[in-house]
Amino acid sequence: MPLRETAGSIIELARGSASNSRIIIYGLGGTAQDAMRYSKLCLNAVFHEPLERSAAMKLVRSTRMLVLHEFRRYVRIPVMTEVGVVMADGGHITATSQEISSGGMSLKGYHVPELGSLVEVSFSLLTLPRVWVRGQVTWKKPNKSFGIRFDSTDERRQRLKEWIVAYLEA
């Protein structure tokens, strides 16, 4: 993020967002005073201009673990596959995945389960045979998209985690 006049409002919007509040934000340019001006918004690091390769590499190395932790925690893979959704009352709908992570998935369908509904989803991904995972509907939008957070105690999620790691390493 270039440390210009508009940087503060953009950083504030990112930090105020539920899904982006923990993202890693690097400042670009400016002085130490500029960095201090944005410190209340939690800049993670600042690249000073003019950029020097050795200083930039040192900064990247020192923040590498922050980035890796953030990446692993929030990595979402855009993938479209048919998903069967079974509600707690036995009702069944079909939706299409939009993104998937080891913690949940976003879907789109003609019928959207109620917020807070307990569900079990089933789907296949390229080299991953059909997997079933329990979850809960945590958000929905008027455009018929909705999100499911997987049940962290459902051990079947492990196969999905392994698939995601293999997909990212390929």
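The values are calculated or read from the model by the stated rules, or taken from the named source; none is laboratory data. These numbers were taken from a predicted model, which means no experiment stands behind them. Cβ atoms come from the backbone with ideal geometry, glycine included; neighbour counts cover every protein chain shown.
Yes/no per residue for (1) at pLDDT below 90; (2) polar (S, T, N, Q); (3) not in a loop (DSSP other than H, G, I, E, B):
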site	(1), (2), (3)
107	no, no, yes
110	no, no, no
122	no, yes, yes
137	no, no, yes
Among (1) over 28 Å from residue 26 (Cα atoms); (2) surrounded by fewer than 16 Cβ atoms within 10 Å (Cβ to Cβ), which single condition is residue 60 missing? (1)
What pairs can you find where one residue is in the stretch 52-63 and in the same structural domain as residue 29 (by TED's automatic domain parsing), the other is surrounded by fewer than 10 Cβ atoms within 10 Å (Cβ to Cβ), and their Cβ atoms are less than 6 Å apart, with a gap of 6+ or different chains? none
Would you be able to tell me the number of residues in the stretch 119-170 that are of a type in the set (A, V, I, L, M) and touching a Pro at 6+ places or on another chain (Cβ under 8 Å)? 2
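Please enumerate the residues belonging to the stretch 119-150 that are in contact with a Gly (Cβ under 8 Å, 6 or more places away or on another chain) and of a type in the set (Phe, Trp, Tyr).
Keep residues of the stretch 119-150 that are in contact with a Gly (Cβ under 8 Å, 6 or more places away or on another chain), which gives 119-123, 135-140, 144, 146-150.
Those that are in contact with a Gly (Cβ under 8 Å, 6 or more places away or on another chain) and of a type in the set (Phe, Trp, Tyr): 123, 139, 146, 150.
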Considering the stretch 91-115, residues that are of a type in the set (Ser, Thr, Tyr) and within 11 Å of residue 145 (Cβ to Cβ), and then whichever is surrounded by the fewest Cβ atoms within 10 Å (Cβ to Cβ), we arrive at 96
Condition test on residue 161, is it under 18 Å from residue 81 (Cα atoms), free of Cβ contacts under 8 Å to residues at least 60 places away in the same chain and touching a Lys or Arg at 6+ places or on another chain (Cβ under 9 Å)? no
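Counting only residues that are assigned to a loop (DSSP other than H, G, I, E, B) and at pLDDT 70 or above, which one in the stretch 23-37 is farthest from the chain's Cα centre (by Cα)?
Residues of the stretch 23-37 assigned to a loop (DSSP other than H, G, I, E, B): 23-25, 29-31.
This time we only want the ones that are at pLDDT 70 or above, so: 23-25, 29.
Working: 23: 10, 24: 13, 25: 15, 29: 27 Å.
Per the criteria, the residue is 29.
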Residue list for the stretch 139-164, restricted to those being among the small types (Gly, Ala, Ser) and not in a strand (DSSP E or B): 152
Can you confirm whether the stretch 62-75 contains a residue that is aliphatic (A, V, I, L, M), modelled with pLDDT of 95 or more and over 18 Å from residue 159 (Cβ atoms)? no
What is the residue count in the stretch 120-170 for residues that are more than 16 Å from residue 76 (Cβ to Cβ), among the polar types (S, T, N, Q), within 19 Å of the chain's Cα centre (by Cα) and surrounded by 13 or more Cβ atoms within 10 Å (Cβ to Cβ)? 1
